[in-house]
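Where a number appears in this text, it was derived from the coordinates with a stated rule and is not lab data. Computed from a prediction, not measured in an experiment: that's the story for all the values here. Note that we place each Cβ from the backbone using ideal geometry, even for glycine, and neighbour counts take in every protein chain shown.
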Amino acid sequence: MKIESLKIASATVNHGFFGRKHGKSKGLYSSLNCSKFVGDDESLVLQNLDIIKKELEAKKLITLCQAHGSCCIVVDWQTESDTEVDAMVTRVPGIAIGILTADCAPILLFDKRHQAIGAIHAGWRGAVSGVIESTIQKMVELGSDPQNIVAAVGPCIAKESYEVDDDFKRNFRGKGDCFSLINSQLHFDLPKYCQNRLIESGLSENNVEAVNIDTYTDQKNYFSYRFANKNNGGICGRNISAICLGEENGNNSY
């Protein structure tokens, strides 16, 4: 149902990169679709979100209305879901923060020393515009040292499946190492690009990993918008990646 990052795994945090199985949704949204904004029956989506909340032993689960931007917010018990931003951080135990993706890169972050967590939706536009840097900065404002933050890039479209053109590449000046030719076609390495931006933001290279699951080629287990756009008009659900501090930490404020 989910995979975990070995770097994030800790007795004080629950987290997971969840696939599309073992939920309540039907048809093209089958079955663990966690987005209310893609045409699915909202009552079924809410049941799916409740599955995630219980899995993470959270009292509250916050998700976003993602806009492919660079904004990150600090969330607490008063924060409601569906704020139009692409990342969030918190130090409040019991609150799960979840990112929705279907080829874009979900990134989960954890500072074990300072007990802070973050979640980022990083499509190429958001990554280029600085959503990773703005999230690290918010964690710093909460007291974290980037050297203590671990990060995992979850299931997303892989280089082998991400064919692009020269116009696309012009958005990435100075980042040519994330492009390569495969069968004479230009391809973009989104997880590598996100890892590079995390390291450039001050994280230790040893504290950054990618789970290396291609949502496009593994669409039986993960929603893939690019696959759906090619095969059924772009109709598909969204995977969720979420993280929650355990309440036994006793950390109830910033």
Revision key, fill the gap. Taking only Cα atoms of region 39-154, the Rg to Rh ratio with Kirkwood Rh works out at 0.95
**Study point:** Rg/Rg_globular for region 83-151, with Rg_globular taken as 2.2 N^0.38 Å and Rg from C-alpha atoms
**Key:** 1.05
Exercise for review: Select from region 161-254 those trypsin sites (Lys or Arg not before Pro) which occupy a DSSP coil region and have at most 11 other Cβ atoms within 10 Å, ordered by residue number.
Suggested key: R170, R173, K220
Exercise for review: Treat region 117-254 as a sphere of radius equal to its Kirkwood radius over Cα pairs and apply Stokes-Einstein at 4 °C in a medium of 1.567 mPa s; give the translational diffusion coefficient in µm²/s, rounded to a whole number.
Suggested key: 78 µm²/s
Check your understanding: Under a straight-distance cross-link criterion of Cα-Cα below 23 Å, which lysines are reachable from K192, leaving out those fewer than 8 residues away in the same chain?
Key -> K2, K7, K138, K159, K169, K175
Exercise for review: Could you bin all the Cα-Cα distances of the chain into 10 Å bins starting at 0 and give me the percent of pairs in each, rounded to whole numbers?
Suggested key: 8, 34, 38, 18, 3, 0
Point to revise | Residues whose placed amide H lies under 5 Å from that of A210, excluding near-sequence neighbours | key: V153
Review point. Using a Gaussian network for the chain with springs between C-alpha atoms less than 10 Å apart, which of these wobbles most: S144, S43, S81?
Key: S43
Exercise for review: For the chain, with a Gaussian network of springs between Cα atoms less than 10 Å apart, report the residue from S161, S184, S224 with the top mean-square fluctuation.
Suggested key: S184
Practice item. Calculate the length of the line joining the C-alpha centroid of region 10-59 to that of region 145-189, in whole Å. Key: 28 Å
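When the convex hull of the C-alpha atoms of region 47-100 is computed, what volume per residue in Å³ does it have? Show your work: numbers first, answer last.
On the way: hull volume 3.9 nm³, N = 54.
Per-residue hull volume (Cα only) is 73 Å³.
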Revision key, fill the gap. Quick calc, the chain, dipole around Cα centre from Cβ unit charges on Lys, Arg (+) and Asp, Glu (-), nearest 20 debye, gives 340 debye
**Study point:** From phi via Karplus (6.51, -1.76, 1.60), per-residue ³J(HN,Hα) for region 78-85 in Hz, x at Gly/Pro
**Key:** 7, 6, 9, 5, 6, 5, 7, 9
Check your understanding: Just how large is the dipole of region 125-171 about the Cα centre, in debye to the nearest 20, putting +1 at every Lys and Arg Cβ and -1 at every Asp and Glu Cβ?
Key -> 100 debye
